[in-house]
Amino acid sequence: RESFQERMRRQYQMKKRVFRLTVPPDCELTGKTIAQGSLGKKHRLEVVQVSRPRGLGLRKQYLDAAPDLAIQTGDELFVEGWAEDAELYAEEHSIPIEVAGEDETEKMLGRGVNMGEITLSPHSEFLGRTLAEIGFRGKFGLSVLAISRRGKVIDENLAESTLELGDALLIYGPI
């Protein structure tokens, strides 16, 4: 039986993938916040979760990818985006990259991170505004992966897309 996540990926024709970027020692990202890492604006990547070694490094702590979260050596940044964008970012910053496995995705989902769909109502204060104007990620702690509008999927330049009545937003985060 098809899971909700699989159904949404099919319905939204998701071609983007989730990648794992592991922050090496002496990486220029160490000490910067997620926002300062410029993954979203410059590289069209969305950090959806951070895995950080805990204790002796045998166990991992999963953290919400808040814009003010400081990146540390050893962090695994789970980013959603196009393969070419993720590979370019990894190359520019000398960061090892791998496609996140289904088991890793399941671990994130088991920690309160999930995928959902919301539809804008006629009374929504967000109509006519962009996700950037709303500050959607900062306000709700959720990433918008795609927008379905009148049968078409918008999956690029989401932050600058003006929201319209009936838009369905595919969201990912602590739901």
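Annotations for the structure displayed:
- Residue check, Pro67 assigned to a strand (DSSP E or B), out of contact with any Leu (no Cβ under 9 Å at 6 or more places or on another chain), surrounded by 14 or more Cβ atoms within 10 Å (Cβ to Cβ) and modelled with pLDDT under 90: no
- When residues in segment 152-175 are screened for being without any contact (Cβ under 8 Å) to a residue 40 or more places away in the chain, surrounded by fewer than 20 Cβ atoms within 10 Å (Cβ to Cβ) and not in a loop (DSSP other than H, G, I, E, B), 4 of them pass.
- Extreme residue, least open to solvent (accessible area, probe 1.4 Å), among residues of segment 1-18 that are assigned to a helix (DSSP H, G or I) and touching a Leu at 6+ places or on another chain (Cβ under 8 Å): Met8
- Strands (runs of 3 or more DSSP E) contained in segment 76-151 and holding at least 3 residues modelled with pLDDT of 80 or more, over 19 Å from Ala35 (Cα atoms) and open to solvent by 10 Å² or more (accessible area, probe 1.4 Å): 97-99, 113-119
- In segment 19-41, residue modelled with the highest pLDDT [restricted to those that are open to solvent by 20 Å² or more (accessible area, probe 1.4 Å) and within 20 Å of Ala146 (Cβ to Cβ)]: Gly40
The values are calculated or read from the model by the stated rules, or taken from the named source; none is laboratory data. Quantities reported herein were computed from a predicted structural model and do not represent experimental measurements. Counting neighbours? That spans all protein chains shown, and the Cβs are built from the backbone with ideal geometry, glycine included. Note: areas computed on protein heavy atoms with side chains; ligands, DNA, RNA excluded. Shrake-Rupley method; radii C 1.70, N 1.55, O 1.52, S 1.80 Å.
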